[in-house]
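So the structure is just underneath, and the comments pick up after that.
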């Protein structure tokens, strides 16, 4: 066990960092790494050395003129790879390996700005130098994400330098279990992974159970399409997750913890394992942590990627070595959880928020958000929006503020600035629902979303423009949940399959009025009769789109056309008589002879005979064949 105090480690780190003239931070989250961030990191080391200068890396902190760090996700994924230079706080976006010599020569050596690498504000058309003044960041409130993207995720001392483990030490050595539970309850912190159950209440229910063995589980099995909040926290600030688990363990009386992470997150897994090793070496995990009589150990376990293992009883079954399938509740995990012992399960964002809440104080944290939903929430903003990425805003923020102010507005399918209006946003992934233009000014919190048939869920926000077919969106999420159903209960296993078949009938032109009635009835049945949260929420995208976009369903069923021309089986092909040159190529290429015409006479397509293969569009040299 290391005997150095938190203050000593902080002072040592701060002293070492004070020697450097500049610090270069490379975003090394999964997105930027995929776009070449590590190549930029290596190139920076090479170019600085070629110029006869010295550069250190954060973990070693050797004497040098500059220091180079890898951070976790900085959030501005649309603009990656990202390079931030301190103390100026200057952000360079979309950096390429070939940009490195110019960055070194002009910025690090000459102190100049490489203007072409700055973010350009789309409203003013002016470059923005400092990261804090970029609208994407300026209009957020980053609490859980405050350190994510700024610190070296692998350096425990940098986390400690930012008050890391201070709250865990306070909880372990100065607070009783009852005091901790009350503090978290008073703060208003609710679970960030789904239904929003009060965290302090969940801990209290586990605390009062009489058992010598209790467990704390961090649910990192983030499987929603378009969601990456938990992944980024685990990659960018893993020690905050560990600290939250230590505090939870003291609150409920646990001696062992598990972080359950899907194996598709290799970077998160490796950084968590490194964090656990470093925390154990520092005396924050293991026996007699923080020189107290408390013992607590954490294990990192990789899941096989089954979406249903995000459900807490299925997750616990997987940890126990069983097939990941849900079990009926009650009993709830607080009573009989992992290996039959009292267990508290929270997701990554919830646990990572706990040290933040304790640093701020219950009253200060409770002042953020709405009357019933306190604090902030992270969202993964994706889809047809100019600025995609990881954001954090207070509860009560509206869609208009998120999509318009932070996201920069809706874009076309090809990524160009938009002439198309906002159509909808899918919130909460496959378990959530669609919000429309009428919800743009709805304050987002647990209760408001529930009233309109949606949910916060894990926090995925997929923005859609007017070119999006809402029936196909519903089918996409239904296909996902149907394939991820564990098959344990008939209602979910067969109900989702039949709902998918009905949606296929709709987009392929086989549906009737009875199809819509049956789809809604079946959705309600699956929602009521399924065993776990996967089945109970699987119909949400279908029910919400039926409610808010019934006209699109009617067009598919009764008009036999897709208003957005996205459904291949319902596309209408026609020939523009003005553009048509009567060359006859389309007629000769048509495999079913559905196109007729003559020299000097514009060709026509027989809609009844057309099989909608699209060959006519591909073969026309004059762009005379139109869809719609």
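Points to keep in mind about this one:
- By other beta-carbon atoms within 10 Å, ranking 410, 57 with the fewest at the front produces 57, 410.
- Note on residue 582 and residue 528: the extension gain reaches 13.6 nm, defined as 0.36 nm multiplied by sequence separation minus the Cα-Cα distance.
- Extension reserve of the residue 479-residue 501 stretch, reckoned as 0.36 nm per residue once the Cα distance is removed: 7.0 nm
- Residue 335-residue 42 pseudo-label distance in nm [points 7 Å out on the Cα-to-Cβ vector]: 5.7 nm
- FRET E, pair residue 277, residue 327, Förster distance 30 Å, beta-carbon r, rounded to 0.05: 0.35
- Sequence-distant contacts, meaning Cα pairs under 8 Å at least 6 residues apart, place the relative contact order of the chain at 11 percent.
- For the chain, the antiparallel share of DSSP beta bridges with both residues in that region comes to about 55%.
- Global size of the stretch 571-628 as Cα Rg and Dmax, reported in angstrom: 9.8, 27
- Length gained when the stretch residue 126-residue 105 is fully extended (0.36 nm per residue, less Cα-Cα span): 5.2 nm
- Placing dummy labels 7 Å off each Cα toward the beta-carbon, the span from residue 173 to residue 292 is 1.0 nm.
- Whole-Å distance, taken between Cα centres, linking the stretch 334-372 and the stretch 81-110: 38 Å
- Volume of the convex hull of the stretch 376-468 (Cα atoms only), normalised per residue: 81 Å³.
- Entry for the stretch 325-401 at q = 0.18, 0.19, 0.21, 0.24 Å⁻¹: log10 I(q)/I(0) = -0.91, -0.94, -0.98, -1.07, Debye formula applied to identical alpha-carbon scatterers, no solvent contribution.
- The order of the peptides 257-263, 8-14, 578-584, 27-33 by mean Cβ neighbours within 10 Å, most packed first, is 27-33, 257-263, 8-14, 578-584.
- Only helices enter the 222 nm calculation for the chain: every DSSP H run of n ≥ 4 contributes -39,500 (n - 2.57), and dividing by all residues gives -10000 deg cm²/dmol, rounded to 500.
- Modelled FRET efficiency - R0 30 Å, residue 270 with residue 88, Cβ distances, 0.05 increments: 0.45
- Size of the stretch 471-559 from its Cα atoms: along the principal axes, largest to smallest, the extents are 38, 21, 20 Å.
- The stretch 13-130, Cα convex hull volume normalised per residue, Å³: 101 Å³
- Among 123, 576, 155, sorting on how many other beta-carbon atoms sit within 10 Å of each Cβ, with the fewest leading, yields 123, 576, 155.
- Placing dummy labels 7 Å off each Cα toward the beta-carbon, the span from residue 12 to residue 438 is 6.2 nm.
- Shape metrics for the stretch 156-365, restricted to C-alpha atoms - Rg then Dmax, Å: 15.6, 45
- log₁₀ of I(q)/I(0) at q = 0.11, 0.14 Å⁻¹ - the stretch 479-628, Debye sum with one point per alpha carbon: -0.56, -0.73
- Label-zone membership for the stretch 559-603, site residue 621, 7 angstrom Cα→C-beta point, backbone N under 15 Å: 580-589
- Cα-based Rg / Dmax (Å) for the stretch 316-458: 18.5, 57
- With the Kirkwood sum run over all distinct C-alpha pairs, the chain has a hydrodynamic radius of 26.7 Å.
- Over the stretch 453-521, equivalent-ellipsoid semi-axes from the Cα gyration tensor in Å: 20, 19, 11
Computed from the coordinates by the stated procedures, all read-outs in this text should not be read as laboratory data. This is a predicted model, so every value here is computed, not measured. Using ideal geometry, Cβ is built from the backbone for each residue, glycine included, and neighbour counts are taken over all protein chains shown.
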